[in-house]
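I have placed the structure first, in the form of structure tokens, so that the comments after it can refer back to it.
The values are calculated or read from the model by the stated rules, or taken from the named source; none is laboratory data. Fair warning: this is a prediction, and the values are worked out from it, not measured in the lab. Please note: Cβ atoms are built from the backbone with ideal geometry, for glycine as well, and neighbour counts cover all protein chains shown. Areas reflect the complete protein model, heavy atoms only, side chains present, ligands, DNA and RNA absent. Shrake-Rupley method; radii C 1.70, N 1.55, O 1.52, S 1.80 Å.
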Amino acid sequence: QVQLVESGGGLVHPGGSLRLSCAATGRIFSINNMGWYREGPGKQRDLVASFAWGGGTNYVDSVKGRFTLSVDTAKNTASLQMNSLKPEDTAVYYCYQDTVLRHYWGQGTQVTVSS
């Protein structure tokens, strides 16, 4: 069974940068949407950035201008470049990839922004 594996999380000071990566362990065909969610302490899981065929790339307002999503649907990879990180960005970040038939999740990677 194909799984998504994230990497790149860690502890960073406010104002710092991290790059998260997501790769599939096998081939996923006909992806129509992919990106990243995050789940902060005591919060629900929210969409951070997404790429959709025909819809382009979209970001939640709180990360616009700071985060950049890059995807390669042929290789089933996605990355999230996070700059100017803030304490409120602290969360577990989950990548996802959607097809018409199925929604794939990664296991999550912890990002902690703290001085």
**Complete:** Of those in region 85-103 that are of a type outside the set (S, T, N, Q) and in a strand (DSSP E or B), the residue most open to solvent (accessible area, probe 1.4 Å) is 103
**Message:** Of everything in region 90-115, what is among the charged types (D, E, K, R) and either in contact with a Phe, Trp or Tyr (Cβ under 8 Å, 6 or more places away or on another chain) or touching a residue at least 40 places away in the same chain (Cβ under 8 Å) (or both)? Give them in sequence order.
**Reply:** 98
**Asked** Tally time: how many residues in region 1-39 are over 17 Å from residue 96 (Cβ atoms) and either in a loop (DSSP other than H, G, I, E, B) or touching a Gly at 6+ places or on another chain (Cβ under 7 Å) (or both)?
**Response** 7
**Complete:** Going through region 26-59 in order, the residues found to be free of Cβ contacts under 8 Å to residues at least 40 places away in the same chain, out of contact with any Phe, Trp or Tyr (no Cβ under 7 Å at 6 or more places or on another chain) and surrounded by 14 or more Cβ atoms within 10 Å (Cβ to Cβ) are 50, 51, 52, 58
**Request:** Could you please let me know if residue 6 is under 13 Å from residue 111 (Cβ atoms), in contact (Cβ under 8 Å) with a residue 40 or more places away in the chain and buried (at least 17 other Cβ atoms within 10 Å of the Cβ)?
**Result:** yes
**Message:** Would you confirm whether or not region 66-73 contains a residue that is closer than 12 Å to residue 38 by Cβ and not charged (D, E, K, R)?
**Reply:** yes
